[in-house]
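Colleague: Supplied in structure tokens, the structure appears directly below.
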Amino acid sequence: MRIVVLTGGIGGAKFLVGVRAYARRTGAEVTAVVNVGDDVVLHGLRICPDLDSVLYTLGGGADPQRGWGRVGETWTVKEELAAYQAEPSWFGLGDRDIATHLVRTTMLNAGYPLSAVTEALSTRWEPGIRLLPATDDRLETHVVVSDGSTGDGSTGDGSTGDGRSDQRAIHFQEWWVRYRGALPTHRFVFVGASEAKPAAGVLAALHDADVVLIAPSNPVVSIAPVLAVPGIREALTDGAAPVVGVSPVIGDAPVRGMADRCLAVLGVPCTAEAVAGLYGSRRSGGLLDGWLVDPVDGASRVGEVTVRAVPLWMSDEAATEAMVTAAIELADATRAGAGE
Ligand code: GDP
Ligand code: CA
């Protein structure tokens, strides 16, 4: 069986640990198509937070306490940059992590596409699954905010009277890491998406897939940028493989992270049902055949999407593998036209 997973960073990486366990047990082949909308160039280095979260987590090099970055990290370079008052200072780059960015940036500057670079980095981390960036082209998530910065600085609340003049776009990382999403926020823009092409191997993997899983990643800033690459959404909606999503929301709260802030920007409630509605049913032009929710959110259907309730807490590998097994069974059920 060939499984393709659309995924973001930390939540997606945890999910992939369970997918890999399932694959080891059953002999399935796994390809993860990873969000690149978080990618950013800082201090001349190309940083791919979601790809790195997946690589480090699957490769056993992630920091389990912090939830991101490398275990056993040190911060000498960050301290030295601070001594130079080099900006941006709000993004933490650890010494071990920087080595990854140096290797990646060197390879990109030598002309290798990000997919080839990711494959090269994978030879060290041996993630046990195939990792592909959604695109080799530039795609960055920017966030349109009001922060009063274009006014005279005295308004404080960001209101300038004409409604629009204080709007500006900042990189998603600045919105997320620096401001914790706590700015008046208007919308997300996936810069470059319309001209981006799926990375080498992505469309073939989707075409050959027996099942497509949407990880319980942030739907707004992890999964949506993947789907914004022309061709990827179509490969799902028109493909033969059933598509099953896993809810990142349990009991009306994101388990971890700020999916609630992101959903609020879209005016979408932070519920498992509303996230399914955002993805839509494949029978009516959307993405999903099946949707997994936690028992606290139990529902039998969302519109035309078949819903199953199983515990969705990714507390350890076994619990996550059980979720994945349920997702594959749900895919099989929708394929059989069981349509419960
Ligand atoms: P990021 O790119 O690092 O922000 O990570 P992702 O977008 O891949 O995943 C973040 C999302 O994972 C969060 O918004 C949470 O809703 C979700 N999440 C984290 N832990 C769990 C869990 O144990 N169960 C479920 N169902 N979702 C989780
Ligand atoms: Ca991310």
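Colleague: With springs only between Cα atoms under 10 Å, which of 192, 257, 72 fluctuates most in a Gaussian network model of the chain?
Modeller: 72
Colleague: Percent relative contact order of the chain, based on C-alpha pairs within less than 8 angstrom and at least six residues apart?
Modeller: Value for the chain: 18 percent.
Colleague: Something else: Measure off, as a whole percent, the carbon and sulfur share of the 1.4 Å-probe accessible area of the chain, all protein chains present.
Modeller: 52 percent
Colleague: After finding the eigenvalues of the alpha carbon gyration tensor for the chain, what semi-axes result from the square roots of 5 times each, listed largest first in whole Å?
Modeller: Those come to 32, 25, 18 Å.
Colleague: Also, quick follow-up: Pick from 279, 179, 56 the residue whose mean-square fluctuation is largest in a GNM of the chain, springs joining Cα atoms under 10 Å.
Modeller: Greatest mean-square fluctuation among the candidates belongs to 179.
Colleague: Same structure, new question: For residue 29, list long-range residues whose amide hydrogen, built 1.01 Å from N in the peptide plane, is under 5 Å from its own amide hydrogen.
Modeller: Placed amide hydrogens put 2, 3 under 5 Å from residue 29.
Colleague: Still on this structure, I have one more. Can you give the accessible area per residue of the chain, in Å², using a 1.4 Å probe?
Modeller: Per residue, the chain has an accessible area of 42 Å².
Colleague: Can you say what percent of the DSSP beta bridges in the chain, counting only those with both residues inside, are antiparallel? Round to 5.
Modeller: Percentage antiparallel, nearest 5: 45.
Colleague: Tell me the mean residue ellipticity at 222 nm calculated for the chain from its helices only (DSSP H runs of n ≥ 4, each -39500 (n - 2.57), averaged over every residue, nearest 500).
Modeller: Calculated at 222 nm, the ellipticity per residue is -10000 deg cm²/dmol.
Colleague: When a/c is below 1.5 the answer is rounded, else prolate if a/b is larger than b/c, else oblate, so apply that to the stretch 188-304 with a ≥ b ≥ c taken from the square roots of the Cα gyration tensor eigenvalues.
Modeller: Oblate, because a/c is 1.5 or more while a/b does not exceed b/c.
Colleague: For the chain, what are the DSSP H helices with axial Cα length of 18 Å or more and mean Kyte-Doolittle hydropathy of at least -1.0?
Modeller: Correct list, ordered by number: 10-26, 95-109, 317-335.
Colleague: Let me ask something else about it. For the stretch 261-303, what class follows from the C-alpha gyration tensor (a ≥ b ≥ c being the square roots of its eigenvalues): rounded when a/c is under 1.5, otherwise prolate if a/b is larger than b/c, else oblate?
Modeller: It is oblate, given that a/c is not under 1.5 and a/b is not larger than b/c.
Colleague: Rounded to whole Hz and in sequence order, give me ³J(HN,Hα) for the stretch 191-199 from the Karplus expression 6.51 cos²θ - 1.76 cosθ + 1.60, θ = phi - 60°, writing x for Gly and Pro.
Modeller: Taking θ as phi minus 60°, the curve returns 5, x, 4, 5, 9, 6, 10, x, 5 Hz for the stretch 191-199.
Colleague: Taking N as the number of residues in the stretch 162-235, what value does Rg over Cα atoms divided by 2.2 N^0.38 Å take?
Modeller: 1.39
Colleague: What's the magnitude of the charge dipole for the chain around its Cα centre, counting Lys and Arg as +1 and Asp and Glu as -1 at the beta-carbon? Answer in Debye, nearest 20.
Modeller: It comes to approximately 380 debye.
The values are calculated or read from the model by the stated rules, or taken from the named source; none is laboratory data. Here the structure is a predicted model, which means the values were calculated and not measured. Neighbour counts run over all protein chains shown; Cβ positions are idealised from the backbone, glycine included. Surface areas here come from the heavy atoms of the whole protein model, side chains and all, with no ligands, DNA or RNA. Shrake-Rupley method; radii C 1.70, N 1.55, O 1.52, S 1.80 Å.
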